[in-house]
1. Just checking, how many residues over the range 85-120 are assigned to a strand (DSSP E or B) and free of Cβ contacts under 8 Å to residues at least 40 places away in the same chain?
2. Being in contact with a strand residue (DSSP E or B) (Cβ under 7 Å, 6 or more places away or on another chain) and of a type in the set (Gly, Ala, Ser) is the filter here; which residues of the range 64-116 pass it?
3. When residues of the range 37-72 are filtered for being within 12 Å of Thr111 (Cα to Cα), touching a residue at least 40 places away in the same chain (Cβ under 8 Å), surrounded by 16 or more Cβ atoms within 10 Å (Cβ to Cβ) and not β-branched (Val, Ile, Thr), how many remain?
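Computed from the coordinates by the stated procedures, all read-outs in this text should not be read as laboratory data. On a predicted model such as this, the values are computed, not experimentally measured, just so you know. Glycine gets a Cβ as well: all are built from the backbone with ideal geometry, and neighbour counts include every protein chain shown.
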Amino acid sequence: MRGRLKVAKCLYVCSHANTHEMLGDILSKEPNTVFIGRNPPMNYVLAVITCFSREETNEVNLKARGMAISTAVDVAEITRRRFMKNLKVERVNLGTEEMPREEGGTRSVSTIEITLSKSQ
């Protein structure tokens, strides 16, 4: 049930850009950005499709870090190959973030940002 609630919130944020502050853990304050986490990939696929259903949306960003990177790639490919065949991967950005540890120091976490766009 919890996964469904997060998807519902995610869908709401995609269609109502003014509510990003309430749901910062699912989407960033940037419009049309989906944070990929531990939920099943189809939850995020639905969020991407909903974001693209708005007329003015031409790009959606998928952001993930750590072990969720493979899920982000799955979401992009499932969306592109099964549901929206007119999408293309515009760009892929890879990076590293320094995360503080509770016991002191930092650790490096890999990040990915995948930008999907509608092809004309």
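1. So the answer is 17.
2. Correct list: Ala64, Gly66, Ala72, Ala76, Gly95, Ser108, Ser110.
3. Looking only at that region, the number is 5.
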